[in-house]
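Written out below as structure tokens is the structure these notes cover.
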Ligand code: G
Ligand code: G
Ligand code: MN
Ligand code: NA
């Protein structure tokens, strides 16, 4: 189809870029890192968001190549800056191959970046299938300092045992829960988020609230003990030039 051939051409041309969205301390607003978010500047259609081509990328497998193009740029940016981490999103597809960890570590080394300033964001879906290989991949990365964070926590098949079984150092509370904190039916959401945050604290896992859009949400998350936040209130995803200037 047209989008698929477009996607193949864009991979050949290396047309993809990371945008960076700040992640800040909820306590004092201190910037601690960024999430790299995939963007596709398309000649005819303008700046495309993952929602417009991610499903196709996953079905066709092309997302793996797109991801590598993003990781290469991100680690170069890490090597050029002095502080803060960058987290990258990892398609579940990468856990079906044996060489993801060594390849990522080689990309980091080639760029001269510090492995412990790179984080990977994985979803619960990625943990569902082929656990032994996934576990090995995550351990290989963690050994070298790459932090593993669980993305969109609460939306998947959240087995709490994941937090136990896999070397996960941080979890991101999905933005649907943050949005629900002050909604009409917010009491149960509040209790749920409170419970997740307590559990994470007990296990020594860092917490990041996603989709923080209002001061009220920021305050509630902070009061519940959530460590960090990400969202339009705290900063929009921005092109790399704008982000690097601040670092
Ligand atoms: O930026 P936006 O909110 O539109 O991103 C939507 C989703 O796309 C995110 O939830 C994230 O999981 C996914 N995504 C963003 N960047 C990347 C990337 O570089 N690689 C992969 N595989 N997924 C990404
Ligand atoms: O990886 P993940 O699925 O969490 O991707 C985060 C997505 O959330 C990105 O597509 C980003 O553009 C989007 N996003 C970031 N901050 C906000 C926010 O405050 N509100 C909403 N609705 N979306 C956000
Ligand atoms: Mn993410
Ligand atoms: Na998310």
Item to check | So residue 244, is it surrounded by 15 or more Cβ atoms within 10 Å (Cβ to Cβ), part of a helix (DSSP H, G or I), in contact (Cβ under 8 Å) with a residue 24 or more places away in the chain and away from ligand 1 (no atom under 15 Å from the Cβ) | outcome: no
Checklist entry - If you take the residues of segment 49-64 that are in contact with a helix residue (DSSP H, G or I) (Cβ under 9 Å, 6 or more places away or on another chain) and not in a helix (DSSP H, G or I), which of them is nearest to ligand 4 (Cβ to nearest atom)? => result 53
Item to check | Matching residues, segment 163-186, being under 21 Å from residue 132 (Cα atoms) and more than 16 Å from ligand 3 (Cβ to nearest atom) | outcome: 163, 164, 165, 166, 167
Checklist entry - Applying the selection to segment 167-188, what residues are in contact with a strand residue (DSSP E or B) (Cβ under 7 Å, 6 or more places away or on another chain) and under 16 Å from residue 121 (Cβ atoms)? => result 167, 168, 169, 170, 171, 172, 173, 174
Item to check | Residues satisfying the stated conditions in segment 107-139, i.e. within 27 Å of residue 22 (Cβ to Cβ) and not in a helix (DSSP H, G or I) | outcome: 112, 113, 114, 118, 119, 120, 121, 122, 123
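Throughout, read-outs are computed from the coordinates displayed, never taken from laboratory work. Just so you know, these numbers come straight off a predicted model, no measurement behind them. Positions of Cβ are backbone-derived with ideal geometry, glycine not excepted, and every protein chain shown enters the neighbour counts.
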